[in-house]
Amino acid sequence: MALEVKRKRVDVDLILDQEKAEQVAALGADLERAMAQHVTEGGNAAAKRIAEQIDKLRDEVKDDTIRITLEALPLSQWRQMLESNTVTENGIPKQRIEDICADAVRLMVRKTVPETPVDHLANVMTELSDGQISPIWYAIRDLNAKLIDPKDALESASRIIRRQSAS
């Protein structure tokens, strides 16, 4: 019996209108702060208001939005992609998020709505603003980089236990 690996998938929206994308990103940050504040019995009125503003903006840009379905990469492929997008300058490794996103999009896209050629998506990555590329970057990173090395986890737990028992 052949084993089949089922990888995590996530949908992320690429808003092509830079101004609106930046507004949505700023409102998202405001919503995060509002959600972190104390919530009364009646709910968080500020958070509800901000969420409604986000929904209104998203509705305004629905014709300029591409919904992208991304699927996690095998670990070896993710590592190879990171290595190929890492340069060392003065002994310091550096990566450009837009280059990683372009390569990742080529490998990870499973579906787009409306249907959009993957190469077109990858090529536009270098033209996006921070507010436009951030949701894509976070989705790519979260799908591929949240790995736990059992050995590292064991060593980390051991350090924590040693510190607690020493006090």
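Values in this text are rule-based calculations from the coordinates and carry no lab data. All of these numbers come straight from a predicted model, not from anything done at the bench. With ideal geometry, Cβ positions are generated from the backbone for all residues, glycine too; neighbour counts draw on all protein chains shown.
What do you get for GluC sites (Glu not before Pro) in segment 54-115 restricted to DSSP loop and a cutoff of at most 13 other Cβ within 10 Å of the site's Cβ?
Details: sites: Glu60, Glu71, Glu83, Glu89, Glu98, Glu115; in loops: Glu115.
The qualifying sites are Glu115.
Measuring how big segment 1-152 is from its alpha-carbon positions, Rg and Dmax come out at 18.0, 56 Å. Output the pairs from Lys8/Lys56; Lys62/Lys94; Lys20/Lys48 with a Cα-Cα distance over 31 Å in this structure; if there are none, say none. Distance filter (> 31 Å) returns Lys62/Lys94. 3J(HN,Hα) along segment 85-102: 10, 10, 10, 10, 10, 6, x, 10, x, 9, 10, 9, 4, 5, 6, 4, 4, 4 Hz, from the Karplus curve 6.51 cos²θ - 1.76 cosθ + 1.60 with θ = phi - 60°, whole Hz, x for Gly and Pro. Taking a sphere under 14 Å around the Cβ of Ala25 and counting the other residues whose Cβ falls inside, with K and R at +1 and D and E at -1, yields a net charge of -4.
Normalised by the residues of segment 35-124, what does the relative contact order come to in percent, with Cα pairs under 8 Å and at least six apart? Could the numbers behind the result be given before it?
On the way: 59 pairs, mean separation 26.4, N = 90.
Computed over segment 35-124, the figure is 29 percent.
The stretch between Arg49 and Lys62 holds 2.7 nm of extra length on full extension. This uses 0.36 nm per residue minus the Cα-Cα distance.
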